[in-house]
Amino acid sequence: MKKIYGSAYDFSPIGYNLPSEYTRLASKCSLLETDERIWIYKPVGQSQGKGIFLFRKLSDLSYDSVAVVQRYIENPLLIGGYKFDLRLYVCVPSYYPLTIYLYKEGIARFATEKFSLGNLSDPLRHLTNFSLNKWGPGYSEKKERVGAGCKWSLRQLRRYLEQSGYRDWFLWQQVTCVIILTILSQSASIPKSSNCFEFFGFDILIDDNLKPWLLEVNVSPALSNDCEVDLDVKKPLLHDLFDLLGLPVRNTGLSLFTMWTSAKNMEDNDDSTGFVHGRYSKGENSLGSETLALVDVCSNTRHLVRQGSEGFSDHWHQYNTLLNEKILRHGFKGSVNDEYSANFVWDNGKDWRIPNKKEGGWIRIHPVTTMESTNSDVLRNSFMEPPPRVLDKQIKITVSYIQKYLKVAKEIQSQYGKQGDDICNEMLQRALNINEEIWLPEK
């Protein structure tokens with residue numbers, strides 16, 4: 001994409017895939033050998049900072065697996081002398097049409113030792129992974145400006161930037177565009193699917209010029225609650241995510257957990273179903289007995305569907321609609337509901353041609369609607385997968401729009417940045433006729 005669109009994609013450090021691009025890396029290193037720039041090695045298929053190290057010379061590179069080598073950003077923005085990056089949460093519920101939501105809150109993750117290019121071997125100075133830094137000696141210490149721990153919310157970060165005299169409104173507009181352009185670069189290779197759902201964790205580094213750099217995109221971002229910041233960010237995020245997708249609890253797989261607690265009730269009140277009859281011991285609340293009940297329910301599913309109305313409980317239909325529908329898809333017929341058929345295809349029931357502008361903290365950043373029309377060339381999409389030439393044209397139009405968006409946003413920052421976020425948002429909406437909310441973390 002960078003070869004085609006040039007500076008629009010100048011937001012990711014130059015990188016090489018090993019071993020296939022080792023020769024190119026060697027050629028680049030030989031040209032830059034005099035200044036000894038720093039590179040970072042990341043093995044593929046790893047997580048939590050495992051296997052990552054920094055090096056200056058190619059002779060220091062030793063590897064035995066598929067990996068990525070990237071130019072290391074040597075001038076990160078520091079807070080109290082500590083390096084940090086951002087974890088932002090992105091949802092793509094549809095690729096045809098392409099629809100992207102960005103959550104308003106996120107996490108700033110800190111290293112727990114002060115940043116120094118003089119010591120490349122200490123990961124606690126250069127890596128922000130929580131799984132590493134939580135074991136560091138500086139984790140629980142009250143670090144300068146950062147405090148204890150190694151995580152802030154975006155709200156905390158924005159308050160710090162404001163107190164430190166930074167005008168960061170344009171920074172967040174750049175972040176929005178980085179996310180759109182990144183997903184756009186992969187959209188052409190995604191096959192059409194009626195029940196698409198992708199949940200990404202974007203890792204973005206801010207340098208000392210307030211420029212955002214995309215480090216990587218995680219397809220399975222951690223959602224564990226390891227500290228208070230995690231709880232404040234991730235719990236509402238998940239609640240809003242289910243609302244965004246329009247999935248009732250019974251269609252999410254959480255219904256199976258409901259069945260564990262309701263198994264005894266079904267045994268007492270609906271003996272005709274045969275659910276875990278005689279197998280769910282009364283008074284047993286251990287994980288083993290619950291798991292046994294779940295396995296028994298799943299193993300009897302096909303038998304129950306074939307039984308028809310006499311053996312198909314209303315409880316089963318209420319608590320496991322999704323599994324019921326998937327079975328009916330494969331040709332099994334029961335008299336549960338006349339609305340189902342063998343050709344039934346499950347999806348989330350949403351028409352992504354008319355996506356909501358927001359859902360809780362989820363803000364739609366693509367497509368962008370204007371005051372004049374919701375069917376402009378930038379937004380024209382279809383559930384039918386477009387031919388390659390049409391798709392290329394759509395991508396080109398979107399990239400051009402984003403370039404215009406950034407140009408206008410930069411001018412607004414220069415003229416109105418001192419007047420605050422609300423004025424800048426209003427001026428951007430007016431300049432581009434935007435008919436929706438501008439994504440911006442709250443202070």
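Listing for the model above:
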quantity: The stretch 133-146: number of residues that are open to solvent by 50 Å² or more (accessible area, probe 1.4 Å) and touching a residue at least 40 places away in the same chain (Cβ under 8 Å); calculated: 3
quantity: S121 being part of a helix (DSSP H, G or I) and of a type in the set (S, T, N, Q); calculated: no
quantity: Scan of the stretch 383-429 for residues that are β-branched (V, I, T), surrounded by 14 or more Cβ atoms within 10 Å (Cβ to Cβ) and closer than 16 Å to L98 by Cβ, ordered by number; calculated: I395, I397, T398, V399, I402
quantity: Breaking point among (1) surrounded by 14 or more Cβ atoms within 10 Å (Cβ to Cβ); (2) more than 15 Å from the chain's Cα centre (by Cα), for F200; calculated: (2)
quantity: Filter result (assigned to a helix (DSSP H, G or I), surrounded by fewer than 21 Cβ atoms within 10 Å (Cβ to Cβ) and touching a residue at least 40 places away in the same chain (Cβ under 8 Å)) within the stretch 147-168; calculated: R155, Q156, L157, R159, Y160, E162
quantity: Every residue from the stretch 203-244 that is of a type in the set (S, T, N, Q), open to solvent by 70 Å² or more (accessible area, probe 1.4 Å) and either touching a residue at least 40 places away in the same chain (Cβ under 8 Å) or part of a strand (DSSP E or B) (or both); calculated: N209
quantity: Whichever residue in the stretch 113-127 is in contact (Cβ under 8 Å) with a residue 40 or more places away in the chain and crowded, with 17+ Cβ neighbours inside 10 Å and, among such residues, is farthest from K142 (Cα to Cα); calculated: L120
quantity: Residues of the stretch 83-138 satisfying the condition of being touching a strand residue (DSSP E or B) at 6+ places or on another chain (Cβ under 7 Å) and aliphatic (A, V, I, L, M); calculated: L86, L88, V90, V92, L98, I100, L102, I107, A108, A111, L120
quantity: Selected residue (only one of P123, P191 is more than 23 Å from Y9 (Cα to Cα), of a type outside the set (V, I, T) and under 21 Å from the mean Cα position of the chain (by Cα)); calculated: P191
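For (1) free of Cβ contacts under 8 Å to residues at least 24 places away in the same chain; (2) under 22 Å from the mean Cα position of the chain (by Cα); (3) over 30 Å from Q394 (Cα atoms), each residue gets a yes or a no:
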{"position": "L25", "(1), (2), (3)": "no, no, yes"}
{"position": "V44", "(1), (2), (3)": "no, yes, yes"}
{"position": "Q48", "(1), (2), (3)": "no, yes, yes"}
{"position": "R56", "(1), (2), (3)": "no, no, yes"}
{"position": "L61", "(1), (2), (3)": "yes, no, yes"}
{"position": "V66", "(1), (2), (3)": "no, no, yes"}
{"position": "P76", "(1), (2), (3)": "no, no, yes"}
{"position": "Y82", "(1), (2), (3)": "no, no, yes"}
{"position": "L88", "(1), (2), (3)": "no, yes, no"}
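The values are calculated or read from the model by the stated rules, or taken from the named source; none is laboratory data. Remember, predicted model here, so these are calculated numbers, not experimental data. Ideal geometry is used to build each Cβ from the backbone, glycine not excepted, and the neighbour counts take in all protein chains shown. Heavy atoms of the whole protein, side chains included, go into the accessibility calculation; ligands, DNA and RNA do not. Shrake-Rupley method; radii C 1.70, N 1.55, O 1.52, S 1.80 Å.
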